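The structure appears below as structure tokens.
The values are calculated or read from the model by the stated rules, or taken from the named source; none is laboratory data. All values derive from a computational prediction rather than experimental measurement. Note: ideal-geometry Cβ built from the backbone for every residue, glycine included; neighbour counts use all protein chains shown.
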Amino acid sequence: MATATFIVSVKKIESKKLTLRIRSTGAGDISDMVLSRSFILDCFKEGQWVKNKLSKTLKEFDLENMDWLQKNLDQYIEKTELGDYYNKNNQSNISDMFEYVEEVENKYKYGTIKFEDEVCKQFPNYDLIVTMKDEKLLESVKIGACGESYSYDIWYEDPKSAKV
């Protein structure tokens, strides 16, 4: 069974710009980051925090195919930019995070925005600003939507993706 790698929450939508809060689940390290356009496109395909026309369209494509990504990514996402980074210097380890997550689960339902807001007060998370090609691609995306992601940076050398 696969383990989610990141939690993605929708913070803000302005025209064709989407601001996402991203937090590592600790499947790798609590400070892991993903910044690429390919990660975002794969998140849309997963449909965890949004199910719209784009999600359905992407189901038919193999997003791990580098040739396809290089030829088609521009028609969906123009660029990603790193926004604010919170709790970057947190020295906790993964077991600390898991213990805290259990405490928060006693107050809030796992996978809700309230749950994520609480966990993100303590652990590293960051804003990724995504500029879509067209604001219509954001139809059905709602502020506060939240979901697990099994995605990762497929094309991390993408010149239009954020850098640390």
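Taking the conditions exactly as written (surrounded by 15 or more Cβ atoms within 10 Å (Cβ to Cβ), among the hydrophobic types (A, V, I, L, M, F, W, C), part of a strand (DSSP E or B) and in contact (Cβ under 8 Å) with a residue 60 or more places away in the chain), does Val8 satisfy them or not? Quick ask: steps written out before the conclusion?
Details: surrounded by 15 or more Cβ atoms within 10 Å (Cβ to Cβ): yes; among the hydrophobic types (A, V, I, L, M, F, W, C): yes; part of a strand (DSSP E or B): yes; in contact (Cβ under 8 Å) with a residue 60 or more places away in the chain: yes.
Yes: the conditions hold for Val8.
Can you say whether Phe115 is modelled with pLDDT under 90, in a helix (DSSP H, G or I) and within 20 Å of the chain's Cα centre (by Cα), as far as the supplied structure shows?
Answer is no for this residue.
For the stretch 49-96, name all the residues that are among the hydroxyl-bearing types (Ser, Thr, Tyr) and more than 18 Å from the chain's Cα centre (by Cα). Working first, answer last.
The initial filter retains those residues of the stretch 49-96 that are among the hydroxyl-bearing types (Ser, Thr, Tyr), namely 55, 57, 76, 80, 85-86, 92, 95.
Result: Thr57, Ser92, Ser95.
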Within the stretch 21-41, residues being assigned to a strand (DSSP E or B) and surrounded by fewer than 20 Cβ atoms within 10 Å (Cβ to Cβ) number 0
The residue that is nearest to Met66 (Cα to Cα), considering only those in the stretch 123-164 that are part of a loop (DSSP other than H, G, I, E, B) and among the hydroxyl-bearing types (Ser, Thr, Tyr), is Tyr156
> Quick check, is Leu18 at pLDDT 95 or above, of a type in the set (A, V, I, L, M, F, W, C), touching a helix residue (DSSP H, G or I) at 6+ places or on another chain (Cβ under 9 Å) and outside any helix (DSSP H, G or I)?
Replying inline: yes
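Surrounded by fewer than 14 Cβ atoms within 10 Å (Cβ to Cβ) and within 18 Å of Arg23 (Cα to Cα): does that describe Asp84? Even if it seems obvious, please write down each step before you answer.
Values: surrounded by fewer than 14 Cβ atoms within 10 Å (Cβ to Cβ): yes; within 18 Å of Arg23 (Cα to Cα): yes.
The answer is yes for Asp84.
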